[in-house]
Amino acid sequence: MPREPKFKLRFLTRSLAIALVGVMLGACAETQFLMHTAKRMNKDKQSTTYKVGNPYQIEGIWYRPAEDYNYRETGIASWYGPNFDGRKTANGEIFDQYSVSAAHRTLPMPSIVRVTNLDNGRSLVVRINDRGPFARSRIIDMSRRGAQMLGFEQNGTARVQVEILSKESRALAERLKAGKTEIAADLPPIDGNDLAQVPVARQSLPAPRPEPIQTASLEPVSVPVPDPVAAEPAAQVGEISQVPVSPTGIYIQAGAFSDITNAERVKTTLDSLGSVTISPVQVGSRELYRVRIGPVSQVAEADQLLHQVAANGYPEARTIVQQAATQ
């Protein structure tokens, strides 16, 4: 009994010490959070320049950057982060893996695009400020934060549709060309008045590529994504929405040809690799015959098949994601 006061005193002293340590750790964590926030705020506003860039070649494939305000493509997205954090992007910005940004092989930098995860229906507005990915089986490289928001950070890849937001991209280009080079990394709304009214006849269009045409974005892609014309005006980077999706299949497109004889020749060459189909598609006033293998269900299987098609003489073959019900 005489020991009880001492025991209580020790207990109270220990509890007080633990509480003080907790307060100190909490204060330290809060200080670190505030420091990180301050650094992010400093990063958020930085100078940038508008850049399209010259044609370049990677592993025997030519990429031709261009102002393409009708761009829309389906394929496989990946993400990048830790090994590039803090480095300069292709247009001179500082890459922050926890900001919403992405790398694209040919779109102007910066451009504003909507990336829709066709597996879960998440749709995110993103700013392009870097070049890549240079794996031929991928169409866009998201920042780590972008991958988190689209829900594929853990998987590493996702089936996506990427479409340029013409109004926002044009307005941003006009702003930067006018010398307003300081923009926020998470872009604020762009007023439509920032966009100069340019007649369609004066727009700069990329020169037509020689046959065979390998560009999937030239073809209408049937995926359950809202019409860009109906999208909210002045979309903000980081804006996320949910859209309905349907089951999709992954295909490898060897090419699209104006002469069905050429398409049949390619089909014969690739028949041993899997189920090869020839299907007509109308592109403007032209009818093309696309040659595809698939569908396959897994990204790894598609990657292997793409490698085989390229090795058989079609290095510009690409991965396409298509709504399964339309095939």
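On full extension of the chain, what length is gained from Phe134 through Lys180, given 0.36 nm per residue of separation minus the C-alpha to C-alpha distance? Don't jump to the answer; show the numbers that get you there.
Working: separation 46, 0.36 × 46 = 16.56 nm, distance 3.07 nm.
Fully extending the segment from Phe134 to Lys180 adds 13.5 nm.
Peptides 269-280, 108-119, 51-62, 124-135, ordered by how many other C-beta atoms sit within 10 Å of their residues on average, highest first, read 108-119, 124-135, 269-280, 51-62.
Under 14 Å from the 7 Å Cα→Cβ point of Ser275, by amide nitrogen: which residues of the range 292-327? It comes to 292-298, 322-327, nothing else. Label zone of Arg286 (point 7 Å out along Cα→Cβ, amide N under 20 Å): in the range 51-77 this covers 62-74.
What is the local net charge at Pro133, summed over the other residues whose Cβ is closer than 11 Å to its Cβ (Lys, Arg +1; Asp, Glu -1)?
Numbers: positive: Arg105, Arg131, Arg136, Arg138; negative: Asp130, Asp141.
So the surrounding residues net to +2.
Would you tally the net charge around Ser78, using a Cβ to Cβ cut-off of less than 10 Å, leaving Ser78 out, and scoring K and R as +1, D and E as -1? Before the final figure, lay out the partial values.
Numbers: positive: Arg138; negative: Asp141.
So the environment of Ser78 carries a net charge of 0.
Only the Cβ atoms of Lys and Arg (+1) and of Asp and Glu (-1) were treated as charged; on that basis the dipole of the range 55-97 about its Cα centre amounts to roughly 80 debye. Work out the charge dipole of the range 246-326 with +1 on the Cβ of Lys and Arg and -1 on the Cβ of Asp and Glu about the Cα centre, then indicate which of Ser258, Thr248, Pro315 is farthest towards its positive end. The residue sitting farthest along the positive end of the dipole is Ser258.
Approximating the spin labels as points 7 Å out from Cα along Cα→Cβ, the Trp62-to-Thr261 distance works out to 2.6 nm.
Each reported figure results from applying straightforward, stated rules to the coordinates on display, with no laboratory input. Model, not experiment: these values are computed from the prediction. Methodologically, a virtual Cβ is constructed for each residue, glycine included, from the backbone with ideal geometry; neighbour enumeration extends over all protein chains shown.
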